[in-house]
Every structure is written in structure tokens, then in C-alpha cells.
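Presented below is the structure to which this report refers.
Laboratory data are not the source of any read-out in this text; all were calculated from the coordinates shown. In this text the structure is predicted, and so the values were computed from the model without any measurement. Cβ: placed from backbone, ideal geometry, glycine included. Neighbour counts: every protein chain shown.
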Amino acid sequence: MTLPERIDRVILWITRALGALGAACIAGMAALTVLAVVMRYAFGAPFAFTEDLAGLMLVSAVFLGMPYALATHAHIRVNLLYDRSRAGARRALFLLGQLVFLAFAAVFFRDALADLNLTLMLNLKTEVARIPLAPFVGMMAVGVALAALVAAWQMLRPPPAGMAAPDMPEKGFDA
């Protein structure tokens, strides 16, 4: 196994673990919603924290899952021109797409760090449940930074050969 293939495997393992945490956040969000409905209608006493926590879990799921979706090429792509291009143009389009994402990630990361600094300085918390926001804002910055590292690594690798299979997106990773 070559060094790039080993790096691909490490990236896939790390991003898959983070994606699993993101999936757990979605499951937790569903459980919170069911619990909130039961408490509201069965006992007449809803929890005050469910909406705040569910929103934070949704943000967590997005930023934990983003690197995995990028690593496995399971994200949304516009393939009209890409699929009809030859190898050289296809590579250029792939690199252009990765550069656009890297520019977005750089701006987002810069702004997320500024938001994290403000959140820490003011010790910001959610309005109702008083949940500290700093860990979630920090996770946003880390998630987008990891996704940017994945995108930068993919620029050194061959572009994906085709669409990732919906049931097994890892197959698109080895392209």
C-alpha cells in the first residue's frame, strides 16, 4: 500500500468517526423531539432545553458530517459539464471546485474564530437553557478546517471517476 493510499485510509477513518458522531447527534435530536412531545402532551410539562439543544445538535451534525461527505465525494455536485469533459478539462474543473470550497472554508474559518473569540469573551449561552455556546462554535471552526484539509488533500489525488454509490460512498474515495 502506497503512502497516499494510507493517508486516504486515515482520512476516511477519522471522517467516518466524526460522521458517526454527527449521526448520533441526529438520533439524539429525534429522541429529544419525541421526549418533548411526550412531556408536553402526556404530562403538560415540557422541557425548557429541548429546542436549544436540538438546534445545537443539528449544527453539530452538519459540521461533524461535512468532512466525511467531502472525503467520500457524497456531497452535491453539478456534473453537467464535468461528465462531458475530457480528462484534462475534468481535472481542471475538479481543481476549480476544490479551490472554491477552500476559499469558502478560509472565510468561514476566519469568521468562526472571530465568533469563538467573542463567545468566549462574553461567555455566551443559549437564551432559554443557558447551554454554553463556545464548544459548538469551536466545533464549527474545527469541522470546516478539517473539511478544508480533506479538500486540499484531494487536490493532490486523481479526481473522482464518477458518482459515489448511495449505499457505499467509500467506493468513490479510492478514485
| query | Which FRET efficiency, nearest 0.05, do ALA23 and ARG77 yield, Cβ-Cβ r, R0 22 Å? | reply | 0.50
| Angle between the chain longest axis and helix 3-42 axis [Cα atoms, degrees, rounded to 10] | 30
| request: Can you put THR2, THR33 in order of Cβ neighbours within 10 angstrom, beginning with the fewest? | output: THR2, THR33
| said: Need one word for region 17-175: rounded, prolate or oblate. Basis is the Cα gyration tensor (sqrt eigenvalues a ≥ b ≥ c); a/c below 1.5 gives rounded, then a/b vs b/c decides. | reply: oblate
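Looking at region 77-169, which trypsin sites (Lys or Arg not before Pro) are in a loop (DSSP not H, G, I, E or B) and have at most 11 other Cβ atoms within 10 Å?
ARG84, ARG86, ARG130
Tell me the mean residue ellipticity at 222 nm calculated for the chain from its helices only (DSSP H runs of n ≥ 4, each -39500 (n - 2.57), averaged over every residue, nearest 500).
Dividing the helical sum by the residues of the chain leaves -25000 deg cm²/dmol.
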| query | Given Cα pairs under 8 Å that are at least 6 residues apart, what percent is the relative contact order of the chain? | reply | 28
